[in-house]
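Below is one structure; the comments refer to it alone.
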Amino acid sequence: MATVFLLSACNNQELRKKKVKVQYNGPLVEFRGVETLYSDNAIIQLKIEAPEQFIFQNGDVKYPKGVKISRYDAYGKKISTLRGDSGSYDKTRQLYQAFGNIVVENLELNQRLYTTQLDWDQPKREIRTDKPIKIVTPNEMLEGVGLVSDESFSRYRILRPSGTFSLNP
């Protein structure tokens with residue numbers, strides 16, 4: 001019996017010497033049913049809605065079950081929306097990304113953008129993708145690969161357009 005105790009004591013000492021530090025990389029905070037408002041001078045500029053939001057130690061954010069971002073003009077009127085199956089925010093690059101079935105809508109111009117991945121660069125105030133896109137307006141449907149646009153989706157450039165286009169003088 002003394003032999004078993006002695007071996008057990010040796011094993012415990014060895015384990016104490018070999019302490020392994022495990023670094024936790026998961027979210028620090030998890031929220032459900034999120035609605036986040038960003039304002040300037042008490043006027044809403046941006047609203048983010050998501051079923052789940054995970055915030056990480058470095059300030060990055062994940063929206064694993066979908067995200068909807070609404071932009072507002074200086075009068076508080078909603079001017080555009082972005083919806084995706086999931087999303088993320090990279091704090092270092094100030095970059096929002098949406099993934100999956102993405103729909104961007106300019107409510108004033110009644111136009112929609114469909115794609116599978118979209119980046120919103122806050123410092124540059126632009127949205128972009130290198131994936132296939134489809135834009136539907138009241139008068140036409142445009143297709144191509146890649147897009148760069150202002151953040152309200154009112155001025156855009158299709159990087160590699162395809163299909164038939166109508167040109168109005």
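Any read-out appearing in this document is the output of simple, stated calculations on the displayed coordinates, not a laboratory observation. A quick note: this is a predicted structure, and the numbers were derived from the prediction, not measured. Here Cβ is always computed from backbone atoms with ideal geometry, including for glycine, and neighbour counts include all displayed protein chains.
So which residues in region 58-81 are under 20 Å from Glu105 (Cβ atoms) and not in a loop (DSSP other than H, G, I, E, B), if there are any at all? Hits for region 58-81 are Tyr63, Val67, Lys68, Ile69, Ser70, Arg71, Tyr72, Lys78, Ile79, Ser80, Thr81. For residues in region 32-73 being more than 22 Å from Arg93 (Cβ to Cβ) and hydrophobic (A, V, I, L, M, F, W, C), which is surrounded by the most Cβ atoms within 10 Å (Cβ to Cβ)? The qualifying residue surrounded by the most Cβ atoms within 10 Å (Cβ to Cβ) is Ile44. Within region 135-143, is even one residue closer than 21 Å to Ile69 by Cβ and either among the acidic types (Asp, Glu) or surrounded by 13 or more Cβ atoms within 10 Å (Cβ to Cβ) (or both)? Yes, that holds for at least one residue. Taking the numbered list (1) surrounded by fewer than 17 Cβ atoms within 10 Å (Cβ to Cβ); (2) touching a residue at least 24 places away in the same chain (Cβ under 8 Å) in turn, Thr116 passes all entries but (2). Among the conditions (1) in a strand (DSSP E or B); (2) surrounded by 14 or more Cβ atoms within 10 Å (Cβ to Cβ), the only one that Ser152 does not satisfy is (1).
Filter region 45-57 for residues that are touching a strand residue (DSSP E or B) at 6+ places or on another chain (Cβ under 9 Å) and not in a strand (DSSP E or B) and give the result.
Listed by number, the list holds a single entry, Phe56.
Scan region 127-138 and tell me whether some residue there is in contact (Cβ under 8 Å) with a residue 12 or more places away in the chain, within 22 Å of Glu49 (Cβ to Cβ) and not polar (S, T, N, Q). Within region 127-138, one or more residues are in contact (Cβ under 8 Å) with a residue 12 or more places away in the chain, within 22 Å of Glu49 (Cβ to Cβ) and not polar (S, T, N, Q).
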